Every structure is written in C-alpha cells, then in structure tokens.
1. Cα-Cα over 31 Å: which of LYS428/LYS518; LYS279/LYS388; LYS715/LYS737?
2. Counting each DSSP H run of 4 or more residues in the chain as -39500 (n - 2.57), what helix-only mean residue ellipticity at 222 nm follows after dividing by all residues, to the nearest 500 deg cm²/dmol?
3. Which order do HIS190, HIS456 take by accessible area at a 1.4 Å probe, largest first?
4. Under the 0.36 nm per residue contour assumption, what length would be gained going from the current alpha-carbon distance of LEU338 and ILE680 to full extension?
5. Tell me, what HN-Hα J-couplings in whole Hz come from the Karplus equation 6.51 cos²θ - 1.76 cosθ + 1.60 at θ = phi - 60° for each residue of the range 606-623, using x for Gly and Pro?
6. Whole number in Å², please: accessible area per residue of the chain, 1.4 Å probe, ligands, DNA and RNA not counted.
7. Which percent, nearest 5, of DSSP beta bridges in the chain are antiparallel?
8. Where the accessible area of the chain is counted over protein heavy atoms with a 1.4 Å probe, how much of it, in %, is carbon and sulfur?
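The values are calculated or read from the model by the stated rules, or taken from the named source; none is laboratory data. Note that this is a predicted model, so its numbers are computed, not measured. Quick reminder, even Gly has a Cβ in these numbers, built from the backbone with ideal geometry, and neighbours come from all protein chains shown. For the accessible areas, the whole protein counts, side chains as well, though only heavy atoms, and no ligand, DNA or RNA atoms are used. Shrake-Rupley method; radii C 1.70, N 1.55, O 1.52, S 1.80 Å.
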Amino acid sequence: LNEMLSTTLSLLPRITRPLADILHHKTKGSPLFVKQVMMELYNQRLLSPSLPRRRWVWEADEILDMKIPEHVAAFIAKSFGRLPSEVLSALVVLSCFGASADISMMEVLEREIQQPLLASLDEAVGHSVLGKSNGEFYFMHDKLQEAAYSMMKPEERCLHHNRYGLALGFVAERECDDRLLLTAVGQINHGGLQAVIDGEQAVVVANLNLDAGKIAMNMSDFFAAHSFFSHGISFLRGDWEEHYDLTLELFNLAMKCALMNAEHESLKVLIDQVMQNAKCFEDRCQAISYTITLLTWSGNVPGAIELINSTLTNLGEGLPMIMAPTDMKHHLDNTKALLASLSDDALLNYPVMTNPSKILAVELLAKLFQILPFVGARASVMPIIPFKAIQISLQYGMCPLSPVAFAQYGNFLSLVVYEFEEGYRYMKLALSLMKKSPSRAHDGSVMFHSNYTKLHVEPMQSAIECYVDSFTASMKSGNPYAIGCSYVYDIFCFWSGKELKAVIFLMEATIRGTKHQKNFLLLTLMQSTFRLALRLMGESSAPRQHDLIKEDDITEKHVLHLRQDCFVRLTEALMFRDLNEAKDAIDKYSIIGESALCHFSVTTTPMLFMRFYSGLVSFWVSREMSGKKKSSKCLEKGVECKDEIEKLATFASAWNFQNKAYLLQAEEKFCKMDFEAAEILYDAAILASKTHKFVNEEALANELAGHFYLETGRKNRSVHYFSQAFEKYNQWGAVAKANMLTKYFCET
C-alpha cells in the first residue's frame, strides 16, 4: 500500500508512510477500498496539492475521524452479489459473531451444524471480503459485516443466533471450554426468548447462563455475570414452582452482582422477588444479607442493626441488649476455656459447618461487628460477637466466616487486654483457617481483620501493604467490602507518613469507588481526612457537601462519624496552631468519648492515632488554659493517652509506638515544667521518629520542640528545630504546613 501511495503521489516512501498507515487502518489494506477512499479524500480536500510546498499534503487527524463514504458502502453491497451462494451463507454465519471469530470456533461450528464454512470463508478471503490472521477470520470493514448480517430476514436472525449458540454450548460444556461457553451463551441470549422452542430448552438455556455467569464472576466481570444471570431468569419466565432451585440460585447470584455493580434499584427488585417466593427462612438468607448491606451503605445503620438482631433472634442466636464488664469477663473466660483444650492443628482440621441457619448467624455476627461502632449504642456487646461466633463454630463446625471471628478475637486479646502474643497467634490461625476453607468468597474479610493486630506488632510502613492484598482478594471474590479495605489502607498511609501526593491520589480513587457503590457511610467518613490532607498540601479543599448526599446528614446520625470529625478537627487545629479550635474540638471529642471495647474494630481512624493526637492537643490546651479545673482535666486526658501509647510501646511494638510515647512524655514534662527532662524526651522522640521512618511525626516532634524552646525564652535554640520541622514537612509533602510554620516563626 505504501509503495502504491509513493508512486501515485510522487513522494518518497518515508513521507507517505503515515498516510499509508491511516489508510491501512481504515481499509485493512484492501485494494477494494483504497481507491474509493482516496477519491473521497480528494473531494473533501483532505488530500490536496500544495503549491508553496510543491507536493501533495493531507490532514491526518481529520482523515482518521472520517466515516466511510456512502458510495463505498454501496459498492461493498453490490460486490456481494457476485459471490458464490455457499460463500454468502458462510458469511451470514460469521456475521452473527460480530466483526471477527476464531477459526477454531468456526471449525467446531461447521462440524456441529453440518454446514461447510471454512473453505467458503477462505474463498471470501480471496475476494478481499475477509481477512485471516492470528487464528481469526475478520471482516475487512464493519460495513461488510453489516451487509452480510442484513442478508438474513429480521424475523429469522434470532433463530440463527439460538441455533449457533446451542451448538457451541453443548460442545463447551462437554469439553469444559469456558471461553467457548461465554461466546455460545452470548449467541443464545442474542436470540432471546422468542427463539426458545419449549420449556425443556428454556431450562437448558437457563443452566448455560448460570454456568456462564459463574465463569464471568471468577473473572471479576460482574457486569457480564449480572447480564447472564438476568437472562437465565428471563428464560425461566419467573416459574419458581417448577424450577425452584435453579431460579433461587440465579436470583442469589444476580443479587450479588447487582450489589457489586451498584445497581441498587435492580437489587431491590431481586430481593423482593426472593422474599416473596422463597419457600423457607434459609432460602431468604442471601436476600436478608443484601438488605442489611443496602441499609448500611445508605446510612440507615440503626435499621441494619435492627434487622440483624431480629434475624439472629429468629435463628436462636440473639444477643443481649447490654453487657456489664463482669459479663464480658465471663464470656472471655468461657471462650478461653473452650479453646484451651484445642491445639491449632485440631482447629485447622475441625469439621465443616453444614447447618445453613448457623452459617447465616456467623455471617450476620460479622456484619454486626462492622457496623455497631457507627451508632455507639450497644457498643458494650461488641466483644461478645467474636466470642459467640467462635462458640457457634466450635459447636457446629467451621464455616467460611469463622476465621473472621478468630481474627476479631485475636484483636480483642491484643488491643483490649494487651495479650499481644496470644492475639498474634490467633491472627495467624485465622489466616491458616482461611486457606483451609474451600471457598475464597471471604478471604478479603479475613485478611482485613487479621491485619489490625499485625499493624500494631510489625513495622507499620510494611504491614499496611497487607490491606492491598485484602482489597485484591475482595475484588476477585466479589466481596463488596473491598472498598473498606481501600479506605483503611488510605487512612493508615496518611497517618503513618506516606508521601502526601500519593495519599491524595489513593484517596481520590477510593472516593470514586464509594460514589460508584453509593456507599454514603464510607464516603462521608473519608471526607474530613481528605480535606485535611489537601489543606496540608495547600490544595483546594474538598467540598463540604458532595453531589450524592449531604455529608452532615450522615455525620450527625452516627457517633463514629462525629468522633472522626472531632478528631480530625483537633488534629487540624494542632497542625495549624488554632488554639480556639483545638479547645472546642477537644471538648466535643471528650463529650463523645471513646469506648475501649471498640479499640479492636477497624472502622474509622485507628484508635492508636486518636490517642496520640488527642493526647498532644490535651497537653497543649492544658498549658494554655487559665482555669485550674479545666487545665487539670485536659492534663489528665493527656496523661491517659500517654499511658495507652506507653502500653503499646511495651507490649506491641517499640518500632511503631516508642517515638509517640517519647513525644507525649515530653509534652507532659513541659506541662509540669520539668524542662530538663522535656529537652531529653523531645530529642528522643525526634531520633526515634527518624529511625523508625515516620517522617510526619519527625516533623511534628521537631515543631513541638521548637515551640517548647520558643515558649521557654530560648528562641535561638528553637531555630534549629523549626528548620528541621520545615524540611521534614516538605519531605512529607505538607507544603502549606511548612510555609505556615515559616510565617509563624518570623512573626513570633
């Protein structure tokens, strides 16, 4: 083609090469089209002689966008009449599969429908109607495919699609060829209901759609899977009575895909159908589970909790309304006693749970554990949730969500009673139980909960990457809580000092994901931290109200959102030295309060960061308050937070917590006017932060040391610390914060 253009336009081949590439792209290099397209280019002045340049010139971009001329299409259609009838028949068959089809598939189809195809298609290649390469036959242009397809009578097209689909489908099922099955079922669905001859064939077609949908789900293509399941349902025409098991399975899988695709209205319709037609409570389990998820994501957490509690009661596994500390200790001791006689090997080889009611109970307990902290009420019963799930598992056998309960139990031992060694053991056991399970549906959930203790014990900067693995596993299995893994990963990246520009990129991706899922609960939870990150960088702030739902409508209803909002406010006040805002935020944060029993639940900013920053703000506000009573109250709060971080440094990991403990101790000594001890502790905090690679906390420790020296009348010594803080904030990416620090120091 390039040689032809070079000769025609009297230009060197290297000059005509770009035009040749474009024409080859539009015509597949067929001489059938090139001349016609060249004439059209000339008529539209896209190819023309240039007197100043003394050569032919062309408009490459406009040629790429140009549609094929009408007379070329007419020429194509006219040329079909000269082809042999058997070639035309083969082209009709090929056109049903679109622009191209595998040669191997056409060979199978030739054998199954007993119609000569390959030789005829090869002849079409000789007529430049088709191309043949990379194991495919393909039409040289989409107009050719359209012309071949139009040779069928409209009312007969559905029969052709159905016939070819069934022929290929039986082969695909027999030979376990997933790719061929997807193509076959696509053909059947293209044929539609009108092509199905009787009820028996409808059942066959519905089963093929079921199999194709499962294949698509394994490929994480939930849109295609939902389409297959929906077609399967339509072929059965809503006949629950005659084909109950098949219909129920199609509906359950369609619900899962609709949730993953954020097709909430479609999901509600599917749920209603299952609730109306299911024969027993166990068959309604999936519909109930998805209803709970929809209620949660829409922000109606109390409604979700009420539905979970009523369902658990119906299952005979109800929970108490409140639980005193003595009751909690009783349940803990009972769980420890049950597990004491079982080795890890015994648990790993435990019988499998088969009772569907108990499997649902464990699933609902896992959901309740996730959402209970949002409302604050009944938070005292949180510890009993993993205890009860473990007890059910030991009585009835292990189910796919039993490992989640063991991970939550390990988090409780670690973060509530500070038995980190034993908690870490159960975290590893949970992961081992997960691997033993034949189902991969809940791997992401198990990994999500197992990571929390790991993050306290192992170096945080590397341990947080486990949430990426949780996200990947959740996406592969169609677990809708994948976005929760993404959220927690972003939060840990931010508070542990990952470069801010990268964190903003991650948060933006997560926000897009929550909007796609219509997960308003998580979307709102992310906003305050996202705004703080933007402000630190000096970027424009995220809007207070996003385009899907008012943020305040969610925040005001849920104690977890209120606590998160107040925490970010007090941290922002500390970072930007707004004392009045800090006083107000710490007061509101104290009023909302913290539940020690929620420490082992990863739902918002982890409690370790809340304790660290609220402790720093409490010490700062304590120094600035005039009233002794208020000052003493803030000092007590700061000391309480410092004690908690010291415990983590002692029992969990010095790597993650020693620098934080030093800084809180330094601030405490500053408050108590033990300046000599404070100097030593500030330097220790700076060194530990640097050694343990928390650049944001190294910057903060330098800044607070600078304020210490400045406020104690040693401005010259403060210069070094403020300079180091400026450098480290810039290294973190907090440019606006670094610039504010320079301005503050100059004004002071």
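1. Beyond 31 Å between Cα atoms: LYS428/LYS518.
2. Details: 39 runs with 548 residues, N = 748.
Roughly -23500 deg cm²/dmol at 222 nm, from the helical runs in the chain.
3. Working: HIS190 115, HIS456 5 Å².
So the residues, ranked largest to smallest area, are HIS190, HIS456.
4. Details: separation 342, 0.36 × 342 = 123.12 nm, distance 4.85 nm.
Using 0.36 nm per residue and subtracting the Cα-Cα distance, I get 118.3 nm.
5. With coefficients 6.51, -1.76 and 1.60, one gets x, 4, 4, 6, 4, 5, 5, 6, 5, x, 4, 5, 4, 5, 5, 5, 4, 5 Hz.
6. Working: 31920 Å² over 748 residues.
It amounts to 43 Å² per residue over the chain.
7. Values: 11 of 12 bridges.
The answer is about 90 percent antiparallel.
8. On the way: 17040 of 31920 Å².
Carbon-and-sulfur percentage of accessible area, whole number: 53.
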